[in-house]
Amino acid sequence: MSYTLGPRNDETCRRLLNLLAPFLPGVITSNEWEGYAREVPRAIDLTGEIFTQRIERNNLTLRACIKHHQVLHHT
């Protein structure tokens with residue numbers, strides 16, 4: 001849906017939440033980063049590894065595919 005880059009601080013979290021606002025998220029899954037705890041309404045914030053494990057696995061798979069693609073095209 002959206003992403004933002006920046007340090008793990010409240011401002012970066014607010015930027016991300018502003019980008020997500022048009023989608024009206026009913027749930028946000030997050031790790032236990034303090035910025036989320038301060039900025040995301042508790043009613044829609046689900047924290048913990050059980051909720052973020054699949055997302056992190058997808059990110060790892062994507063990074064591996066990108067790396068594989070770069071290696072194929074640079075040799």
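Derivation of every value follows stated rules applied to the coordinates shown; laboratory data play no part. Bear in mind the structure is a predicted one, so any value in this text is a computation, not a measurement. Counting neighbours? That spans all protein chains shown, and the Cβs are built from the backbone with ideal geometry, glycine included.
The residues VAL40, VAL27, when put in order of fewest to most other Cβ atoms within 10 Å, stand as VAL27, VAL40.
Counting Lys and Arg as +1 and Asp and Glu as -1 over every other residue whose Cβ lies under 14 Å from the Cβ of ALA21, the net charge comes to +1. Here the 3J(HN,Hα) profile of segment 29-39, calculated from phi with Karplus coefficients 6.51, -1.76 and 1.60 at θ = phi - 60°, is 8, 9, 7, 8, 5, 4, x, 5, 4, 7, 9 Hz, Gly and Pro shown as x.
With contributions of -39500 (n - 2.57) from each DSSP H run of at least four residues, the per-residue ellipticity at 222 nm computed over the chain stands at -18500 deg cm²/dmol.
Taking the longest Cα principal axis of the chain as reference, the axis of helix 49-74 is set at about 30 degrees. On a 0 to 90 degree scale, rounded to 10, what angle separates helix 10-20 from the longest Cα axis of the chain? Once rounded, one gets 80 degrees. Note on the chain: dipole from Cβ charges, positive end direction compared against THR12, HIS68, GLN53; the farthest Cα belongs to HIS68. Ordered by the number of other Cβ atoms lying within 10 Å of each residue's own Cβ, fewest first, CYS13, CYS65 fall into the sequence CYS65, CYS13. Here each label is just a point 7 Å from Cα along the line to Cβ, and for TYR3 and ARG57 those points are 2.0 nm apart. Put in order of Cβ neighbour count within 10 Å, fewest first, the listed residues TYR3, TYR36 become TYR3, TYR36. About its Cα centre, segment 10-74 has a charge dipole of approximately 300 debye under the convention of +1 per Lys or Arg Cβ and -1 per Asp or Glu Cβ, with nothing else charged.
Its Kirkwood hydrodynamic radius, worked out from the mean inverse distance over all distinct Cα pairs, puts the chain at 14.1 Å.
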